[in-house]
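Chemist: Quick one: the structure is below, and I'll ask about it shortly.
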Amino acid sequence: MKVKNTRDILSTLWLVLMLNMIFNDIFGFVVMLDKFVRPELPGDAQTLMLVAVFLTNIPLLMILFAKILNYKINRILNIAVAIFTILYVWGGMSTYPHYIVIAAIETIIALVIIVVAWKWKNDAAVE
């Protein structure tokens, strides 16, 4: 199968990555529900959720950016954000088995994004 549009491939990969992140968060919330509902929760839960909103929106925005940004910015941004996403995924690592499996899947997808963006030749006709 020959790839016709690199933008579509990158956009779809970001969609898959984001869906994996959502599922991971859902699973994590189910496992840790009792910790979130107890009043003795350490730290500021509202601040934690605000940070989570910004971090989880990065791949979501990449779905759009992969389609609309010009070639040079798009290529650099896909590589940089994929690297950041790998660091984010493993930096917030949990030892729950579901997290490790999904983090591994997210990492593989991010690495594929990096390779696809790295090898991307300018689709001048698409620009």
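The values are calculated or read from the model by the stated rules, or taken from the named source; none is laboratory data. Please read all numbers here as calculations on a predicted model, not as lab measurements. Using ideal geometry, Cβ is built from the backbone for each residue, glycine included, and neighbour counts are taken over all protein chains shown.
Chemist: Would you check which residues across segment 88-115 are of a type in the set (A, V, I, L, M), over 13 Å from the mean Cα position of the chain (by Cα) and at pLDDT below 95 and list them? Before the answer, list the steps.
Modeler: First, the residues of segment 88-115 that are of a type in the set (A, V, I, L, M): 89, 93, 100-105, 108-115.
Still in the list and also over 13 Å from the mean Cα position of the chain (by Cα): 93, 100-101, 115.
The answer is Met93, Ile100, Val101.
Chemist: Next up: If Asp123 satisfies all but one of (1) modelled with pLDDT under 95; (2) more than 17 Å from Asn24 (Cβ to Cβ); (3) buried (at least 16 other Cβ atoms within 10 Å of the Cβ), what's the number of the condition it fails?
Modeler: It fails just one condition, (3).
Chemist: Further question: Do the conditions hold for Ala104, that is, is it in a helix (DSSP H, G or I) and in contact with a Leu (Cβ under 7 Å, 6 or more places away or on another chain)? Don't jump to the end; show me each part of the working.
Modeler: Values: in a helix (DSSP H, G or I): yes; in contact with a Leu (Cβ under 7 Å, 6 or more places away or on another chain): no.
No, not satisfied.
Chemist: Which residue pairs have Cβ atoms closer than 9 Å, lie 6 or more positions apart in sequence or on different chains, and pair a first residue in segment 1-12 that is modelled with pLDDT under 80 with a second residue that is of a type outside the set (D, E, K, R)?
Modeler: Val3/Ile9; Val3/Val116
Chemist: Among what's in segment 80-99 and is hydroxyl-bearing (Ser, Thr, Tyr) and more than 12 Å from Asn24 (Cα to Cα), pick the residue that is surrounded by the fewest Cβ atoms within 10 Å (Cβ to Cβ).
Modeler: Residues of segment 80-99 hydroxyl-bearing (Ser, Thr, Tyr): 85, 88, 94-96, 99.
In the following step, the residues that additionally are more than 12 Å from Asn24 (Cα to Cα) were identified as 85, 88, 95.
Numbers: Thr85: 24, Tyr88: 18, Thr95: 6.
So, considering only residues that are hydroxyl-bearing (Ser, Thr, Tyr) and more than 12 Å from Asn24 (Cα to Cα), the one surrounded by the fewest Cβ atoms within 10 Å (Cβ to Cβ) is Thr95.
Chemist: When you go through (1) buried (at least 20 other Cβ atoms within 10 Å of the Cβ); (2) out of contact with any helix residue (DSSP H, G or I) (no Cβ under 7 Å at 6 or more places or on another chain) one by one for Lys72, which number turns out not to apply?
Modeler: (1)
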